[in-house]
């Protein structure tokens, strides 16, 4: 018989209890992510609370020692993120305890997460399967000349609320799961560009404030040339400022474009899944939309 995870845990000299993440002050959550070197601002934590659910781990005097969040997309799929334990608890089994509580909350959904090097052994022990490497590309954006990119057919223009249904449909075709609520929330915080052929949206890229500057994602396109074409305006908009893109693309025109635009690879994480694997990593012979950049490492 499967046992439900307990509401408290005693590790070494520490006693911990679970609390709802929604009720915790943003500055305390910000301090937690700072303690492990993550760039999330208080505003980034608020956005994640708006689109997901989570809990925190508290000690006897109410200090935040850890967190975990999940983001449901329909009844069958969720992403997991912001699994953090304070440095003094990282080797004491707290993260595994957190993940078991996640399993209890997600209701048997298929899961995906992005694992740091330090966390990969944990997720492998919990039967997550490696999928692909994510390349965290970041730096001071540098606008490039228009030369050197394959010509794309269509018109590039800014996106607005009228385009949300088309963006949701194109994202679902690329990702494999409909993320309507997330896309709608992203539009409230993002600037976007789309590539149109006639009235049909063929590719898009959203960009929003995050961490040290801005992050571009998600990016959906059918080819490297299209991906470059819709990310290029964001690079121009933020030239001279910090910009980040998280991508599975490790070579080709898009990867080269990011490097040449001031965003070389800074770090990597590993996308891992449990349950049914989504089709977004399968590149077929026909032209199909693909995820060129993640929304974020937390949201996928």
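The values are calculated or read from the model by the stated rules, or taken from the named source; none is laboratory data. This structure is a prediction, so every number in the text was calculated from the model and none was measured. Glycine gets a Cβ as well: all are built from the backbone with ideal geometry, and neighbour counts include every protein chain shown.
A few remarks follow.
- Residue check, residue 80 under 30 Å from residue 178 (Cα atoms), touching a strand residue (DSSP E or B) at 6+ places or on another chain (Cβ under 7 Å) and either part of a strand (DSSP E or B) or at pLDDT below 85 (or both): yes
- Of the set (1) surrounded by 15 or more Cβ atoms within 10 Å (Cβ to Cβ); (2) in contact with a strand residue (DSSP E or B) (Cβ under 7 Å, 6 or more places away or on another chain); (3) free of Cβ contacts under 8 Å to residues at least 60 places away in the same chain, all apply to residue 60 but (1).
- Total residues in the stretch 231-274 satisfying the condition of being surrounded by 16 or more Cβ atoms within 10 Å (Cβ to Cβ) and either without any contact (Cβ under 8 Å) to a residue 40 or more places away in the chain or in a loop (DSSP other than H, G, I, E, B) (or both): the figure is 7.
- Filtered residue count, the stretch 120-142, keeping only those that are buried (at least 21 other Cβ atoms within 10 Å of the Cβ) and closer than 20 Å to residue 56 by Cα: 1
- For the stretch 141-156, filtering for residues that are out of contact with any helix residue (DSSP H, G or I) (no Cβ under 9 Å at 6 or more places or on another chain), modelled with pLDDT under 90 and over 22 Å from residue 239 (Cβ atoms) leaves 1.
- The condition of being farther than 25 Å from residue 75 by Cβ, in contact with a strand residue (DSSP E or B) (Cβ under 9 Å, 6 or more places away or on another chain) and exposed (fewer than 15 other Cβ atoms within 10 Å of the Cβ) holds for only one of 162, 153, that being 153.
- Scan of the stretch 36-63 for residues that are modelled with pLDDT under 90 and either within 20 Å of residue 102 (Cα to Cα) or not in a loop (DSSP other than H, G, I, E, B) (or both), ordered by number: 57, 58, 59
- Residue in the stretch 20-35 that is within 28 Å of residue 129 (Cβ to Cβ) and modelled with pLDDT of 85 or more present: yes
- The residues on offer are 281, 204, and the sole one that is on the phi < 0 side of the Ramachandran plot and in contact with a helix residue (DSSP H, G or I) (Cβ under 9 Å, 6 or more places away or on another chain) is 204.
- Hits in the stretch 186-200 - residues which are under 23 Å from the mean Cα position of the chain (by Cα) and either surrounded by fewer than 14 Cβ atoms within 10 Å (Cβ to Cβ) or under 16 Å from residue 46 (Cβ atoms) (or both): 186, 188, 189, 190
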